[in-house]
Amino acid sequence: MNFHPRCSSRSATLLWVAALGAFAPLLTVPAHAAPKTKKVAPPRLISAWPARRVLLVLPVTPSATWAGTPELGSAIGPLVQPELQEALSATGKFSPTIPHRFNPLLRRGLEEKRLAETDITPFVAAPTLETARAIVDKLAFEQPLMIADVRLEELVTGGTPNAPTVLLRVSGRLYEQGKPEPVESIEVISRPSGGKTPEARISAAAEQAFRELANGFVMSPVIPEFSALMPAPGKLVRAGVRPATPTLPGAMPGTPTMPSTPPTIATPNRIAPTPGTPTVPQLPPPVPPLGVAAGGEATVAP
């Protein structure tokens, strides 16, 4: 007796579930799109070396002329170090690596027996340009290794209380293995950058400054030695200037001048006329037509 009502309720439930499943795509809230990752387009390069160079990046530290407090400079360095690594890698010309005990560069030196633990310990404890050179000079790669030494020079706050900004000035020196002097020395000042927190403002300013710094490492052309290219004194001629030449009256500027007396063109095999003879050419004597005798009348052959 209760079979039909029970089936009716079950059927109604199944119909409700089927209807809900049919309208589920219409009732579903659309998912939020994944945030887009910010990519830095590689710049146009003028550098000469092919592929990437292994680059040992020293920690970002305040320079000797740092205008802020030492505590502020020590706090900014670790905050902006990732921005420097990303900017150097985005050039497509560097494989940056930072100093730590498990660095693949140091591990390779140990395996090749070019380095010892006594070389790595002081470098990891105090990574400076001097300790980095002691490591790099003992390694061998297809292309010479490079060292990047980036320093904080100045941090300037600005803007308004409601929209504060930060401006960062940094300097960088790029060294090559076997060369005591830097191959590139660049100083960059960022644009005023804003953000909700001081950390965000400093990171934004460092990202823009380090991007220009890294591009400058690989885009600086070699300036030639002009003293070797210039001609000797007394033979200097200004480029694009031609000696002035006289022109005919009424001629347009730049029109080549024509000589006043045209040159005489000699006729080959010409026989000079006898003095006193007319210049009119003499025609040959007339020849009578065929069948006509000279000085007589025409005759007809019998």
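Considering only region 96-111, I want to know if a residue exists there that is of a type outside the set (D, E, K, R) and in contact with a Lys or Arg (Cβ under 6 Å, 6 or more places away or on another chain). Can you show your working first?
Going residue by residue through region 96-111, those that are of a type outside the set (D, E, K, R) are 96-100, 102-106, 109-110.
Right, trim to in contact with a Lys or Arg (Cβ under 6 Å, 6 or more places away or on another chain) and you get none.
No, region 96-111 contains no residue that is of a type outside the set (D, E, K, R) and in contact with a Lys or Arg (Cβ under 6 Å, 6 or more places away or on another chain).
I need a count of the residues in region 82-94 that are without any contact (Cβ under 8 Å) to a residue 24 or more places away in the chain and either of a type in the set (Ser, Thr, Tyr) or part of a loop (DSSP other than H, G, I, E, B) (or both). Even if it seems obvious, please write down each step before you answer.
Within region 82-94, the subset without any contact (Cβ under 8 Å) to a residue 24 or more places away in the chain is 82, 89.
Narrowing the set further to residues that are either of a type in the set (Ser, Thr, Tyr) or part of a loop (DSSP other than H, G, I, E, B) (or both) leaves 89.
Number of matching residues: 1.
Only residues that are crowded, with 16+ Cβ neighbours inside 10 Å and of a type outside the set (S, T, N, Q) were counted in region 74-85, giving 5. Considering region 202-221, the residues that are more than 18 Å from residue 82 (Cα to Cα), of a type outside the set (Val, Ile, Thr) and not in a loop (DSSP other than H, G, I, E, B) include one that is nearest to the chain's Cα centre (by Cα), namely 219.
Suppose the filter is free of Cβ contacts under 8 Å to residues at least 24 places away in the same chain and over 30 Å from residue 72 (Cβ atoms); does residue 144 pass it?
Working: free of Cβ contacts under 8 Å to residues at least 24 places away in the same chain: no; over 30 Å from residue 72 (Cβ atoms): yes.
It is false that residue 144 is free of Cβ contacts under 8 Å to residues at least 24 places away in the same chain and over 30 Å from residue 72 (Cβ atoms).
Within region 149-189, the only residue that satisfies the criterion of being buried (at least 16 other Cβ atoms within 10 Å of the Cβ), small (Gly, Ala, Ser) and either modelled with pLDDT under 95 or out of contact with any helix residue (DSSP H, G or I) (no Cβ under 7 Å at 6 or more places or on another chain) (or both) is 171. Taken together, 87, 67 contain a single residue that is among the small types (Gly, Ala, Ser) and out of contact with any Phe, Trp or Tyr (no Cβ under 7 Å at 6 or more places or on another chain), which is 67.
Filtering region 130-148 to residues that are open to solvent by less than 50 Å² (accessible area, probe 1.4 Å) and in contact with a strand residue (DSSP E or B) (Cβ under 9 Å, 6 or more places away or on another chain) leaves 132, 135, 136, 139, 143, 145, 146, 147, 148. Would you check if residue 199 is farther than 27 Å from residue 108 by Cβ, among the charged types (D, E, K, R), open to solvent by 50 Å² or more (accessible area, probe 1.4 Å) and in a helix (DSSP H, G or I)? The answer is yes for residue 199.
Going through (1) outside any strand (DSSP E or B); (2) in contact (Cβ under 8 Å) with a residue 60 or more places away in the chain one by one, residue 130 falls short only on (2).
Here is the figure for region 47-67: residues that are within 19 Å of residue 207 (Cβ to Cβ), open to solvent by 30 Å² or more (accessible area, probe 1.4 Å) and assigned to a loop (DSSP other than H, G, I, E, B) total 1. If you scan region 202-224, which residues turn out to be open to solvent by 20 Å² or more (accessible area, probe 1.4 Å) and polar (S, T, N, Q)? Scanning region 202-224 gives 203, 215, 220.
Does residue 71 satisfy the condition of being within 31 Å of the chain's Cα centre (by Cα), open to solvent by 60 Å² or more (accessible area, probe 1.4 Å), farther than 26 Å from residue 117 by Cα and not basic (Lys, Arg)? So residue 71 does not fit the description; no.
Within region 86-113, which residues are of a type in the set (Val, Ile, Thr) and out of contact with any strand residue (DSSP E or B) (no Cβ under 9 Å at 6 or more places or on another chain)?
Going through region 86-113, the residues of a type in the set (Val, Ile, Thr) turn out to be 91, 97-98.
Answer for region 86-113, where residues must be of a type in the set (Val, Ile, Thr) and out of contact with any strand residue (DSSP E or B) (no Cβ under 9 Å at 6 or more places or on another chain): just 91.
Looking at region 95-104, is at least one residue among the hydrophobic types (A, V, I, L, M, F, W, C), in contact with a helix residue (DSSP H, G or I) (Cβ under 9 Å, 6 or more places away or on another chain), open to solvent by 30 Å² or more (accessible area, probe 1.4 Å) and outside any helix (DSSP H, G or I)? The answer is yes; a qualifying residue exists.
The values are calculated or read from the model by the stated rules, or taken from the named source; none is laboratory data. Here the structure is a predicted model, which is why all the values come from computation and not from measurement. Cβ sites come from the backbone with ideal geometry, for glycine too, and all protein chains shown count toward neighbours. The area values use the complete protein model at the heavy-atom level, side chains included, leaving out ligands, DNA and RNA. Shrake-Rupley method; radii C 1.70, N 1.55, O 1.52, S 1.80 Å.
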